[in-house]
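Have a look at the structure below, then the notes.
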Amino acid sequence: MKQLKDILFGVPLQSVSGSTAVQISGVAFDSRCVTQQFLFVAIKGSHHDGHTHISDAVHNGAVAVLCEKLPDVLIDKVVYISCENTRKALAIVASQWYDTPSKALKLIGITGTNGKTSVATMAYQLFDKMGFATGLISTVAVRIIKKIVPSTHTTPDTLTLNKHLNEMVNAGVTHCFMEVSSHGIDQDRVANLHFSGGVFTNLSHDHLDYHNDFKSYRDTKKIFFDG
């Protein structure tokens, strides 16, 4: 359990209805994952808008809602907070919920059109063989030293990322190699993570179905190194 005000620290808030001293037992951006005492973060996606599920989240037990637009009806005893960008806010909240794990190890991000999985995996294997307690977050799998966790995305969502990193810190991992996709950069999945280094493999004319043009794709990759 953590106080809401503690995990919101650093989020540029626009309005607050209720007390941020409320105790929070978990964080979710999917209303179906919400249980008692949760903070629900409403995110506008390309296909779904979490704002349409705020009432579902409250029904499932959310005691606080972080959103970009407040609902028309505010339920008593529920704290409603608004901010300009809930994606970026979730990155801050997720990091603080899991005790900023990316600061507690050396996190190396690998980005590029091709070669991310190979480079991240070889780096993981190299450091592992040199005796370092090493982690890996890749398309193929998440490895916490020798433990393997199935992977669903090249770059997981920011809550899952911080959860894995927190598990690594608790297991004694000192170095983690992580694939960083352009989708993950554009969707703020890696926002507020503290990287010790970054690797660029290459850039080719792929993924333009998402980024529309090569310049946008290139500039999205650049955001990772600007940080």
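The values are calculated or read from the model by the stated rules, or taken from the named source; none is laboratory data. Here the structure is a predicted model, which means the values were calculated and not measured. Quick reminder, even Gly has a Cβ in these numbers, built from the backbone with ideal geometry, and neighbours come from all protein chains shown. Protein only, heavy atoms only, side chains kept; ligands, DNA and RNA dropped before computing areas. Shrake-Rupley method; radii C 1.70, N 1.55, O 1.52, S 1.80 Å.
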Worksheet item: Put HIS47, HIS153 in order of accessible area, largest first, 1.4 Å probe: what do you get?
Response: HIS47, HIS153
Discussion item. Among ALA104, CYS83, THR155, whose Cα projects farthest towards the positive end of the dipole of the chain, with charges put on the beta-carbon of Lys, Arg (+1) and Asp, Glu (-1)?
Written reply: ALA104
Worksheet item: For segment 1-41, what is the accessible area per residue in Å² when the probe is 1.4 Å?
Response: 54
Fill in: Solvent accessible area, Å² - ARG218, 1.4 Å probe, full protein context
110
Fill in: Spin-label pair SER118/GLN3, simplified geometry with 7 Å Cα→Cβ offset, distance in nm
5.2
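Percent of accessible area on the chain owned by carbon and sulfur, 1.4 Å probe?
On the way: 6060 of 11320 Å².
Reported share for carbon and sulfur atoms: 54 percent.
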Practice prompt. Past 26 Å, Cα to Cα, is the threshold; run LYS116/LYS215; LYS88/LYS116; LYS88/LYS215; LYS103/LYS129; LYS146/LYS221; LYS44/LYS222 against it and keep the listed order.
Written response: LYS146/LYS221
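Can you sort ASP219, ASP72, ASP186 by solvent-accessible area, 1.4 Å probe, largest first? Don't jump to the answer; show the numbers that get you there.
On the way: ASP219 50, ASP72 150, ASP186 75 Å².
From most exposed to least exposed: ASP72, ASP186, ASP219.
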Response to the item:
Non-local residues with an amide H under 5 Å from the amide H of LEU203, with H modelled 1.01 Å from N and Pro and chain starts lacking one, are THR113
Response to the item:
Protection proxy (average C-beta count within 10 Å per residue), highest first, orders 49-57, 5-13 as 49-57, 5-13
Worksheet, complete the sentence: For segment 69-86, Karplus-derived ³J(HN,Hα) couplings (6.51, -1.76, 1.60; θ = phi - 60°; whole Hz; x for glycine and proline) come out as 9, 5, x, 5, 10, 9, 7, 4, 6, 10, 8, 10, 10, 10, 8, 6, 9, 6
Worksheet item: Any idea what the relative contact order of segment 59-124 is, in percent, if you count C-alpha pairs under 8 Å spaced at least 6 apart?
Response: 21
Item to complete: Please sort 116-122, 94-100 by packing, taking for each peptide the average over its residues of neighbouring beta carbons within 10 angstrom, highest first.
Response: 94-100, 116-122
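Based on Cβ point charges of +1 for Lys and Arg and -1 for Asp and Glu, what charge dipole magnitude is obtained for the chain about its Cα centre, in debye rounded to the nearest 20?
Values: 21 positive and 20 negative charges, 140 e Å.
Around 680 debye, computed over the chain.
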Item to complete: Leaving ligands, DNA and RNA out of it, rank GLU68, GLU179, GLU84 by accessible area with a 1.4 Å probe, largest first.
Response: GLU84, GLU68, GLU179
